[in-house]
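For reference, the structure discussed in these notes is given below.
The values are calculated or read from the model by the stated rules, or taken from the named source; none is laboratory data. For clarity, every value in this text was computed on a predicted model and none was experimentally measured. Reconstructed Cβ throughout: ideal geometry from the backbone, glycine too, with neighbour counts over all protein chains shown.
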Amino acid sequence: MYKIGVDIVNIERISKLNEYTIKRIFNKKEVEKASCITLDKSRAEFLAGRFAAKEALAKALGVGFTKLTPSEILITNLESGQPVVQLEGKTLETYPNLNIQVSISHDAPCAVAVVLIEEVNGKN
């Protein structure tokens, strides 16, 4: 069975987040990568895309963030640049059998993400 989720985020909204909120929402590796981006606009765009992907995943699962910890969802990239989703911690324990595909796009003032989930072995 396939499930799909989509989310759109205003980049400026993400640019106004304080450090505490950023560390609560984003995975440590995402925060580290964002800190290496020199332009504030590009950093906010990067984080907005990641947040949209996390929200799209939550929507595809039909749980919102009630059963997910956003910082346990890592959005990273393959060498080719293709984004990938990695689950960690309790989120991975709750959803161990998912094949997750993600696409992220930015065009100021928004970032958008689409997530397609395939349940492996009919579980989850």
message: Just to be sure I understand the filter: pairs with C-beta atoms under 9 Å, separated by 6 or more residues or on different chains, first member in the stretch 68-90 and in a loop (DSSP other than H, G, I, E, B), second member at pLDDT 95 or above and basic (K, R). Which pairs pass?
response: L68/K54
- request: Please enumerate the residues belonging to the stretch 80-90 that are modelled with pLDDT of 95 or more and not small (G, A, S).
  value: Q82, P83, V84, V85, Q86, L87, E88
Unique match (being aliphatic (A, V, I, L, M), out of contact with any helix residue (DSSP H, G or I) (no Cβ under 8 Å at 6 or more places or on another chain) and either in a loop (DSSP other than H, G, I, E, B) or more than 15 Å from N10 (Cα to Cα) (or both)) among V114, V63: V63
task: For S15, work out the one condition from (1) under 14 Å from A111 (Cβ atoms); (2) surrounded by 16 or more Cβ atoms within 10 Å (Cβ to Cβ); (3) small (G, A, S) it doesn't fulfil.
output: (2)
statement: Output for Cβ contacts, cut-off 6 Å, separation at least six or different chains, first residue loosely packed, with under 12 Cβ neighbours inside 10 Å in the stretch 95-123, second assigned to a strand (DSSP E or B), reads N99/E118; V120/N99
- line: For K23, the lone unmet condition from (1) touching a Phe, Trp or Tyr at 6+ places or on another chain (Cβ under 7 Å); (2) surrounded by fewer than 15 Cβ atoms within 10 Å (Cβ to Cβ) is (1)
message: Checking A34 against (1) assigned to a loop (DSSP other than H, G, I, E, B); (2) in contact with a Lys or Arg (Cβ under 7 Å, 6 or more places away or on another chain); (3) not aromatic (F, W, Y), only one condition comes out false. Which one?
response: (1)
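One line per residue, one yes/no per condition, for (1) at pLDDT 95 or above; (2) aromatic (F, W, Y); (3) under 19 Å from V115 (Cβ atoms); (4) under 9 Å from the mean Cα position of the chain (by Cα):
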| site | (1), (2), (3), (4) |
| --- | --- |
| S35 | no, no, no, no |
| F46 | yes, yes, yes, no |
| A53 | yes, no, yes, yes |
| P70 | yes, no, yes, yes |
| P96 | no, no, yes, no |
